[in-house]
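See below for the structure under consideration.
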Amino acid sequence: MSEDTRPLRVAIVGAGPAGIYAADALMKHDDLSERGVSIDLYERMPAPFGLIRYGVAPDHPRIKGIINALHKVLDKPQVRLLGNVDYGTDINRDDLARHYDAAIFSTGAVDDRDLEIPGIELDGSYGAGEFVAWYDGHPDFSRTWPLEAEKVAVIGVGNVALDVARVLAKTGDELLPTEIPANVYEGLKANKAIEVHVFGRRGPAQAKFTPLELKELDHSPNIEVVVSPEDIEYDEGSAVARRSSKITDQVATIIENYAIREPKQGAIHKLFLHFFENPVEVLGEDGKVVGLRTERTELDGTGNVKPTGRTTDWEVGAIYRAVGYLSDSLPEIPFDSQAGVIPNEAGRVFDEGAHLTGLYTTGWIKRGPVGLIGHTKGDANETVQCIVDDTAAGSLNTPADPSEESVIALLESRKIPFTTWAGWYRLDEHERALGAAEGRERIKVVEREEMLAASEPDKV
């Protein structure tokens with residue numbers, strides 16, 4: 001079979017939404033329909049779905065439902081899942097060049113961005129992403145979490161901040177019907193938080209919440225959402241933002257309604273949304289968090305804010321910074337550590353001004369950790385178009401051994417216990433069986449070894 005007639009061989013590193021959307025776009029592209037594609041989707045976890053499995057709060061069935069759409073892509077015969085394979089350890093750039101015409105990196109972002117204020121390093125100060133990984137049962141993170149503080153601060157006004165605040169404010173029993181594993185339930189059941197304070201340095205019109213997420217805060221009978229009427233402020237820039245974006249206007253309206261309503265009867269936890277409060281220092285005693293100092297800000301007419309010099313000290317015993325995620329660099333792949341992305345043009349990976357033949361990127365590691373999951377589709381389409389154009393131009397990589405069998409032989413020769421799509425079905429069945437035994441839809445398996453045993457019993 002000639003180079004032009006065999007299916008285009010593409011490796012995708014990272015089997016979260018970004019990688020799966022890229023696979024879908026490759027299969028659907030009209031210019032590749034005649035030749036066809038053969039895609040290997042590499043994932044370092046034993047299970048696919050990335051952010052959806054390990055970055056979304058367990059009480060979000062609507063977002064979890066995205067898995068159903070992703071499932072349909074991975075069911076296609078042109079896609080092969082190769083899980084429990086770590087790029088940089090199990091396979092490298094030379095391997096990809098030997099076996100594929102093109103490789104797409106879609107490894108996302110897991111780490112928390114730093115917040116450079118005094119005291120942020122104190123005991124009791126956490127990155128929100130670490131907490132999310134714990135309650136989502138990520139095998140590479142801690143099995144326990146300290147939830148001793150009665151008053152907690154969350155810094156940030158995006159959906160991750162809302163997820164963290166909502167999980168902290170709910171009771172363990174409220175979250176038990178979800179897929180949380182036993183260690184997470186036991187941790188949340190012991191949670192002592194009765195007040196959760198969310199802080200943002202700008203106003204309601206600048207918050208990055210989505211309306212549905214914001215409304216969901218109020219669904220729990222145990223949570224009273226509190227907004228001070230003093231925080232309902234707009235300037236001309238804010239008014240323009242509301243007029244130009246339906247979502248911004250909806251978010252501002254929901255926040256206004258929280259500010260004017262009567263207290264919720266029977267709610268045992270309070271969740272405060274604070275605006276115009278810029279965190280400037282974490283306060284500590286004996287190396288532990290005891291408070292957060294914020295500086296009041298005010299609008300400057302453009303939608304931005306300026307400091308007022310007035311500070312407030314808030315008594316809190318723990319602080320979670322939800323100020324953004326940060327991607328990790330990948331071995332042998334250029335990386336812009338400042339922006340936290342792979343340098344690229346429209347998805348083509350660039351190094352010192354030149355495109356690295358056959359290398360592409362998509363998702364958060366391409367554009368930074370911004371935007372909703374749905375934004376990833378357009379991102380993937382742009383990257384795939386680059387591959388299509390480079391195919392037509394004859395400028396892709398020329399692999400020495402593009403056969404599908406050669407990759408399996410390589411992994412087996414290195415004794416890598418890789419998981420498969422058929423293995424995911426077995427793991428899925430196992431997790432559902434664990435749930436059924438307790439009257440729940442699913443209980444997520446945390447331990448990597450147990451995931452492997454359920455997925456690929458012959459490789460353990």
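Return yes or no: is Thr89 over 22 Å from Gly378 (Cα atoms), part of a loop (DSSP other than H, G, I, E, B) and β-branched (Val, Ile, Thr)?
Yes, satisfied.
Any idea which of (1) crowded, with 21+ Cβ neighbours inside 10 Å; (2) within 29 Å of Lys270 (Cβ to Cβ); (3) more than 17 Å from the chain's Cα centre (by Cα) is the one His99 doesn't satisfy?
The single condition His99 does not satisfy is (2).
Do we have any residue at all in the range 173-184 that's farther than 27 Å from Met451 by Cβ and touching an Asp or Glu at 6+ places or on another chain (Cβ under 9 Å)?
Taking the range 173-184 as the starting set, the residues that turn out to be farther than 27 Å from Met451 by Cβ are none.
So far as the range 173-184 goes, no, none of its residues is farther than 27 Å from Met451 by Cβ and touching an Asp or Glu at 6+ places or on another chain (Cβ under 9 Å).
Just the residues that are of a type in the set (Lys, Arg) and surrounded by fewer than 20 Cβ atoms within 10 Å (Cβ to Cβ), please, taken from the range 152-192.
Within the range 152-192, Lys189, Lys192 qualify.
Give me the residue from the range 22-35 that is over 31 Å from the mean Cα position of the chain (by Cα) and outside any helix (DSSP H, G or I) and, out of that set, surrounded by the most Cβ atoms within 10 Å (Cβ to Cβ).
Arg35
Considering every residue within the range 39-56, establish whether at least one is farther than 30 Å from Thr178 by Cβ, at pLDDT 95 or above and not assigned by TED's automatic domain parsing to the domain that holds Val164. Give the steps one after another, and end with the answer.
Restricting attention to the range 39-56, the residues satisfying the condition of being farther than 30 Å from Thr178 by Cβ are 39-40.
Checking which are at pLDDT 95 or above leaves us with 39-40.
Next cut, not assigned by TED's automatic domain parsing to the domain that holds Val164 only: 39-40.
Within the range 39-56, one or more residues are farther than 30 Å from Thr178 by Cβ, at pLDDT 95 or above and not assigned by TED's automatic domain parsing to the domain that holds Val164.
Select from the range 82-96 the residues that are under 11 Å from Met45 (Cα atoms) and touching a Pro at 6+ places or on another chain (Cβ under 6 Å) and list them in ascending order.
Of everything in the range 82-96, those that are under 11 Å from Met45 (Cα atoms) and touching a Pro at 6+ places or on another chain (Cβ under 6 Å) turn out to be Gly83, Asn84.
Tell me which residues, restricted to the range 199-258, are among the aromatic types (Phe, Trp, Tyr) and assigned to a helix (DSSP H, G or I).
Residue satisfying the conditions is Tyr258 alone.
Please specify each residue of the range 430-460 satisfying the condition of being in contact (Cβ under 8 Å) with a residue 12 or more places away in the chain, part of a loop (DSSP other than H, G, I, E, B) and either over 17 Å from Asn183 (Cα atoms) or hydroxyl-bearing (Ser, Thr, Tyr) (or both).
Glu441, Glu456, Val460
Which one is farthest from Pro229 (Cα to Cα), of the residues in the range 259-290 that are among the charged types (D, E, K, R) and in a loop (DSSP other than H, G, I, E, B)?
To start, the set of residues in the range 259-290 that are among the charged types (D, E, K, R) comprises 261-262, 264, 270, 277, 281, 285-286, 288.
Narrowing the set further to residues that are in a loop (DSSP other than H, G, I, E, B) leaves 261-262, 264, 286.
Working: Arg261: 10, Glu262: 12, Lys264: 16, Asp286: 36 Å.
Among them, the one singled out is Asp286.
Could you pull out the residue among Arg143, Arg93, Arg98 that is farther than 30 Å from Glu281 by Cβ and outside the structural domain of Phe350 (by TED's automatic domain parsing)?
Result of the check over Arg143, Arg93, Arg98: Arg143.
Scanning the range 203-212 for residues that are crowded, with 20+ Cβ neighbours inside 10 Å and not hydrophobic (A, V, I, L, M, F, W, C), which turns out farthest from Asp59 (Cα to Cα)?
In this case the residue turns out to be Gly203.
If I go through the range 224-261 residue by residue, how many of them are surrounded by 14 or more Cβ atoms within 10 Å (Cβ to Cβ), among the acidic types (Asp, Glu) and either touching a Phe, Trp or Tyr at 6+ places or on another chain (Cβ under 6 Å) or closer than 24 Å to Ala169 by Cβ (or both)?
3
Checking the condition assigned by TED's automatic domain parsing to the domain that holds Gly119, over 18 Å from Ile63 (Cβ atoms) and in contact (Cβ under 8 Å) with a residue 12 or more places away in the chain, which residue from Asp163, Asp173, Asp249 passes?
Of Asp163, Asp173, Asp249, the one residue that is assigned by TED's automatic domain parsing to the domain that holds Gly119, over 18 Å from Ile63 (Cβ atoms) and in contact (Cβ under 8 Å) with a residue 12 or more places away in the chain is Asp173.
Cβ-Cβ distance below 7 Å, separation of 6 or more or different chains: which pairs start in the range 128-141 with a residue that is within 14 Å of Arg166 (Cα to Cα) and end on one that is among the small types (Gly, Ala, Ser) and in a helix (DSSP H, G or I)?
Ala128/Ala161
Take the residues in the range 4-19 that are more than 18 Å from Ile91 (Cβ to Cβ) and in contact with a strand residue (DSSP E or B) (Cβ under 7 Å, 6 or more places away or on another chain), then tell me which one is surrounded by the fewest Cβ atoms within 10 Å (Cβ to Cβ).
Pro7
Restricting the search to the range 47-73, which residues are part of a loop (DSSP other than H, G, I, E, B) and surrounded by 18 or more Cβ atoms within 10 Å (Cβ to Cβ)?
Ala47, Pro48, Phe49, Gly50, Gly55, Val56, Ala57, Pro58, Asp59, His60
Somewhere in the range 104-117, is a residue polar (S, T, N, Q), at negative phi, in contact with a strand residue (DSSP E or B) (Cβ under 9 Å, 6 or more places away or on another chain) and in a strand (DSSP E or B)?
no
Does Val132 satisfy the criteria of being in a helix (DSSP H, G or I) and either buried (at least 19 other Cβ atoms within 10 Å of the Cβ) or in contact with a strand residue (DSSP E or B) (Cβ under 9 Å, 6 or more places away or on another chain) (or both)?
Yes; evaluated as a whole, the condition is true for this residue.
Keeping to the range 333-377, report how many residues are surrounded by fewer than 18 Cβ atoms within 10 Å (Cβ to Cβ), at positive phi and modelled with pLDDT under 95.
4
Counting just the residues of the range 135-161 that are in contact with a Gly (Cβ under 9 Å, 6 or more places away or on another chain) and part of a helix (DSSP H, G or I), which one comes out nearest to Gly340 (Cα to Cα)?
Val160
The values are calculated or read from the model by the stated rules, or taken from the named source; none is laboratory data. On a predicted model such as this, the values are computed, not experimentally measured, just so you know. So basically every Cβ, Gly included, is an ideal-geometry build from the backbone, and we count neighbours across all protein chains shown.
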